[in-house]
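Below: one structure, written as structure tokens.
Bear in mind these aren't lab numbers, they're just calculated from the coordinates by the rules spelled out. Here the structure is a predicted model, which is why all the values come from computation and not from measurement. Here Cβ is always computed from backbone atoms with ideal geometry, including for glycine, and neighbour counts include all displayed protein chains.
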Amino acid sequence: MAFFNKILEGLSKTKKNISNQLTGMFDSFTGANDEFFDELEELLILADVGVEVSTDVTEQLRETVKQNGLRGSEEIRQALANILEEVIDRPDQKLKTSTKPSIILVIGVNGVGKTTTIGKLAMKFTGDGKKVLLAAGDTFRAAAAEQLTIWSERANADIVKHGEGSDPASVIFDSISAAKARGADIIICDTAGRLHNKQNLMNELAKINRIIDRELTDADKEVLLVIDATTGQNGLIQAKEFKKATGLTGIVLTKLDGTAKGGIVFAVTKELDVPVKFIGVGEQADDLQEFQAHDFVKALLQ
Ligand SMILES: Nc1nc2c(ncn2[C@@H]2O[C@H](COP(=O)(O)OP(=O)(O)OP(=O)(O)O)[C@@H](O)[C@H]2O)c(=O)[nH]1
Ligand SMILES: [Mg+2]
């Protein structure tokens with residue numbers, strides 16, 4: 001239940017938007033007519049669900065209502081919940097970290113919450129008794145390694161860092177060697193969100209990715225793209241570029257506590273064809289939650 005309550009709390013802004021409007025819609029429900037479906041579609045689009053997904057969901061609901069002869073607002077609301085859940089429920093939602101070591105590469109544009117997410121993840125893993133090694137792969141920004149060092153101390157994790165301006169790929173290489181030598185369970189790699197230009201960044205990430213594949217061929221590898229939920233559809237455009245450079249295994253959607261448009265969860269899953277694995281609903285260590293489709297939809301529609 002912790003997840004559910006935390007989501008409810010973290011999503012209070014989102015709830016004010018989608019949830020209250022949906023509730024309002026169902027409260028003043030007079031029948032599943034065109035007006036009802038148009039209003040629903042518009043509401044979903046405004047909540048960042050994305051045009052395509054909003055249209056799809058509305059069409060599916062229309063079909064379900066027709067086929068099953070649904071009439072009451074409660075049964076229609078439940079049908080909508082099922083459809084929404086299906087959009088974001090994926091079998092690959094859980095992080096794969098069973099090999100020793102396994103590796104998590106964390107990428108995304110600057111300021112989205114990569115380093116904070118890494119700190120939170122590190123605390124989760126060390127809390128579970130795992131030996132964690134953090135790789136300070138953001139060598140571009142002066143304070144980046146420092147920020148990661150603070151998290152490493154808090155989480156009781158090892159850290160490998162080089163000087164500012166050094167080659168990030170060599171930090172990752174050294175981190176992998178150190179993890180093997182020290183018997184670490186999980187390596188979590190921080191990366192820069194910004195270099196001199198975007199192509200540089202994409203090339204750098206592709207290089208890091210190749211080193212990981214070469215040095216840890218059989219290891220479980222996660223490439224997590226961090227997206228700031230408050231940037232809405234812009235986040236999606238960035239995501240497509242990152243996906244091209246490295247391939248992605250999952251999304252971490254941060255700052256859901258700061259947006260009234262939680263619908264981005266649906267757009268991200270569908271348009272990138274990648275599961276949301278974690279959501280961030282605040283700045284504290286326990287504000288990173290494993291994503292659970294059922295509870296998320298339940299929280300939205302409550
Ligand atoms: N409200 C809220 N703030 C968050 C969340 N996740 C991260 N932040 C804040 O976002 C800011 C940026 O976080 P960082 O972790 O430094 O972001 P980054 O992606 O590493 O940034 P660069 O290193 O500059 O690329 C910090 O002030 C974090 O505390 C979240 O889920 N909710
Ligand atoms: Mg950072």
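What the table below lists for this structure:
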| item | result |
| --- | --- |
| Kirkwood Rh, Cα atoms: Rg over Rh of the range 17-86 | 0.92 |
| Amide H partners (placed H, <5 Å) of Cys189, local residues excluded | Ile104, Leu105, Val106, Ala135 |
| Cα-projected label distance for Ser166 with Asp34, points at 7 Å along beta-carbon direction, nm | 6.7 nm |
| Pair Glu271, Ala142: separation of 7 Å Cα→Cβ label points (nm) | 3.7 nm |
| Relative contact order [Cα under 8 Å, 6+ residues apart], the range 68-172, whole percent | 21 percent |
| Order of Asp190, Asp295 under a 10 Å beta carbon neighbour criterion, fewest first | Asp295, Asp190 |
| Gained length - Asn156 relative to Ala181, 0.36 nm times residue gap less alpha-carbon distance | 7.2 nm |
| Contact order normalised by residue count of the range 24-91, Cα under 8 Å, 6+ apart, percent | 33 percent |
| Relative contact order [Cα under 8 Å, 6+ residues apart], the chain, whole percent | 28 percent |
| Under 14 Å, Cβ to Cβ, from Ala181 - net charge with Lys/Arg +1 and Asp/Glu -1 | 0 |
| Gyration tensor (Cα) of the chain, equivalent ellipsoid semi-axes in angstrom | 39, 18, 16 |
| Mean shadow area of the range 202-302, taken as a quarter of the surface of its Cα convex hull (nm²) | 7.3 nm² |
| Order of Lys131, Lys198 under a 10 Å beta carbon neighbour criterion, fewest first | Lys198, Lys131 |
| Distance between modelled label sites at Lys96 and Asn82, nm, 7 Å Cα→Cβ extension | 3.1 nm |
| Likely footprinting exposure, Lys94, Lys161, fewest C-beta neighbours within 10 Å first | Lys94, Lys161 |
| Centroid-to-centroid separation of the range 94-139 and the range 262-302 [C-alpha atoms, Å] | 18 Å |
| Contour excess over end-to-end distance, with Cα ends at Glu59 and Ile237 and 0.36 nm allotted per residue | 61.5 nm |
| Cubic angstrom per residue, convex hull over Cα atoms of the range 126-241 | 126 Å³ |
| The chain: angle of helix 144-155 to the longest principal axis, Cα-based, in degrees nearest 10 | 80 degrees |
